[in-house]
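The values are calculated or read from the model by the stated rules, or taken from the named source; none is laboratory data. On a predicted model such as this, the values are computed, not experimentally measured, just so you know. Neighbour counts are summed over all protein chains in view; Cβ atoms, including those assigned to glycine, are modelled from backbone coordinates with ideal geometry. Surface accessibility is based on the protein's heavy atoms, side chains included, excluding ligands, DNA and RNA. Shrake-Rupley method; radii C 1.70, N 1.55, O 1.52, S 1.80 Å.
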Amino acid sequence: MKILFFTLLPAIIVGCFFYFANRFKDSKFFIAKAFGLGILICFPAGYLNTYVLQTFTNNNPVNNALLVGFFAGGLVEELLKFFALLFYLPTQKKLKKFDIVIFALFISLGFAVYENFGYVFNPSGASFEIAFLRAFTAVPMHIFNGIIMGYFFEFYSKTGDNKFLGYTVLLPIILHGSYNFFVSENLLIAKGIILLQVFLAYRLKKMYDNNIR
């Protein structure tokens, strides 16, 4: 039970905040769809990550570290989240202010929660240590990457400036890839990347409040 609790802890915290916040009382179904979409894209991500690793892994440790970090992790997973935003959001006719950011956040949260189950409840047995560690590292990394992606997509949707569309996909790939690259070798640097994400999300919110609203 303790392992399951920490596996779901980030989703419980974020989900409860938005569920009970009056500001989002009319967006609950919209949020649930985003969370479900995040879970769904885990399946092609798994196949694509496996394909990349099986096809390009060799005896070079640097090559393999880059594959795991930037290609089989950051590139594949963040591209799928980006495509979910790019192709699904136009089908939603009644978007409100800030909904794009929330939608991107919950896509990332759904992805992170399902991915978490795969890491925690693995064939060798459930691991409390992995559940606890990922609750405060990998899952927040996914969440804040979703927020960053959402803000840049929001800026793009409001201004039509293609540079924001580029930032929407490139920056999350770089941040995710950097986190994956360092997490097994230097956890302190990986945590520093998460703090950088928090700072970027805060700065983007200030930009949104000052220039977009």
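Cβ-Cβ below 8 Å, separation at least six or inter-chain, first residue in region 34-56 and under 16 Å from Gly74 (Cβ atoms) and of a type outside the set (Asp, Glu), second part of a loop (DSSP other than H, G, I, E, B) and open to solvent by less than 60 Å² (accessible area, probe 1.4 Å): which pairs?
Here the result reads none, with nothing in region 34-56 linked to a residue that is part of a loop (DSSP other than H, G, I, E, B) and open to solvent by less than 60 Å² (accessible area, probe 1.4 Å).
Residues being open to solvent by 50 Å² or more (accessible area, probe 1.4 Å) and under 20 Å from the mean Cα position of the chain (by Cα): count how many of those fall in region 9-23.
Total meeting the criteria: 5.
Under the condition of being of a type in the set (A, V, I, L, M, F, W, C) and part of a loop (DSSP other than H, G, I, E, B), which residue from region 90-110 is modelled with the lowest pLDDT?
Phe98
Show me the helices (runs of 4 or more DSSP H) entirely contained within region 24-86 in which 2 or more residues are farther than 20 Å from Val101 by Cβ and open to solvent by 60 Å² or more (accessible area, probe 1.4 Å).
42-56, 61-66
Is it true that Gly166 is closer than 22 Å to Tyr88 by Cα, small (Gly, Ala, Ser), touching a helix residue (DSSP H, G or I) at 6+ places or on another chain (Cβ under 9 Å) and free of Cβ contacts under 8 Å to residues at least 40 places away in the same chain?
Here the answer is yes, as Gly166 does meet what is asked.
Of all the helices (runs of 4 or more DSSP H) wholly in region 111-213, which have at least 1 residues that are open to solvent by less than 60 Å² (accessible area, probe 1.4 Å) and more than 27 Å from Leu40 (Cα to Cα)?
The qualifying helices (runs of 4 or more DSSP H) are 187-207.
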